[in-house]
Amino acid sequence: MAQALHLPDFLGLKRSRQDRASNRRQWSEVKSLQSPAWLREIYDRISDLKKLEHNWDSYGALPVADGAISSIRVLLSNLDIDDMPTPHVAPLPDGGVGLHWRVGSRDLEIEVEPNGAAHYLQTIVGGESISGDPTEAQNALDWVLGK
Amino acid sequence: MHQTHHDAEDIGDDDLLLRRITPSLHAAAQPDGTRILIGFAFRERTHEFSMYVAKEVTHEKILSCGFETQEIVEVRAGDVRQLGYMIVRDPDECDNSHVFAKALAHKTRGQIEKDCKALAEIVNSRRQPRG
């Protein structure tokens, strides 16, 4: 006589519908690794900055610091950038890394220092500049898009 | 050792100052195909950015001291002074026309960032760097 095979609930298959709904509320939205399309390319460009040697700007610049590279990757991964155009990636002479966006007359530079400290500068072209810290970076990105 | 710097009075506000930049790193491509200089192009480790006095040297000489991938951008001495800097003569191994911009009073990193951005926008308003 056939018997039902009893499997342990390794995968939590027996969780109730109510539990699954609860989990959906607890976890943030899943982001695709492919989104946005430029992100992987930008990560590669950031990594390429490590190839720059001392004096890469002919004015005595330092090589880009590992701490700046890892910090700007973390920063990017924590921002909602799905709608953003591709930023320009630039090294900084003290070993930091910068990102630059311009949409119309709205301009944003985010920079990460060699020690990982980050800040940004938002500018209306032909007008004033405002600087801020990374806790406001998402607002600055939204501002560039005119949101 | 404390060193006193002086604004070079023989460099007039209308005199052009030359700076080497690396377009592939510091000129950002725009959707319309143009490239704009970004503020990072004026940044330096020391926060005192180097330039050369145009009336005293050729572009070729300045480029010969850098890399093949570099080109020259120009700003007026008056533009730099208006942002709160003096133009200090500092002959270097490349040319005697070398100067650097020194802040008249202490500036934070953020203030220097804004100043460099302002200089880049002055360059952008006068020319479109090739990249």
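The values are calculated or read from the model by the stated rules, or taken from the named source; none is laboratory data. No experiment lies behind these values; they were computed from the predicted model shown. So basically every Cβ, Gly included, is an ideal-geometry build from the backbone, and we count neighbours across all protein chains shown.
Of the residues in segment B:66-84, none is surrounded by fewer than 19 Cβ atoms within 10 Å (Cβ to Cβ), among the charged types (D, E, K, R) and at the interface with chain A (Cβ under 10 Å from one of its Cβ atoms).
Looking only at residues in segment B:85-131 that are modelled with pLDDT of 95 or more and of a type in the set (Ser, Thr, Tyr), the one that is nearest to B:Glu48 (Cα to Cα) is B:Tyr85. So, in segment B:27-65, exactly how many residues are among the charged types (D, E, K, R), in a helix (DSSP H, G or I) and either closer than 28 Å to B:Lys107 by Cα or at the interface with chain A (Cβ under 8 Å from one of its Cβ atoms) (or both)? So the answer is 0. Per the listing A:Ala90, A:Ala21, A:Ala2, A:Ala37, the residue uniquely over 12 Å from the mean Cα position of the chain (by Cα), modelled with pLDDT of 55 or more and more than 23 Å from A:Gly116 (Cβ to Cβ) is A:Ala37.
A residue that is at the interface with chain B (Cβ under 10 Å from one of its Cβ atoms), touching a Lys or Arg at 6+ places or on another chain (Cβ under 6 Å) and of a type in the set (A, V, I, L, M) can be found somewhere in segment A:70-90. Taken as a whole, the condition of being over 30 Å from B:Cys94 (Cα atoms), facing chain B (nearest Cβ under 10 Å) and either buried (at least 21 other Cβ atoms within 10 Å of the Cβ) or in contact with a strand residue (DSSP E or B) (Cβ under 6 Å, 6 or more places away or on another chain) (or both) applies to A:Gly132.
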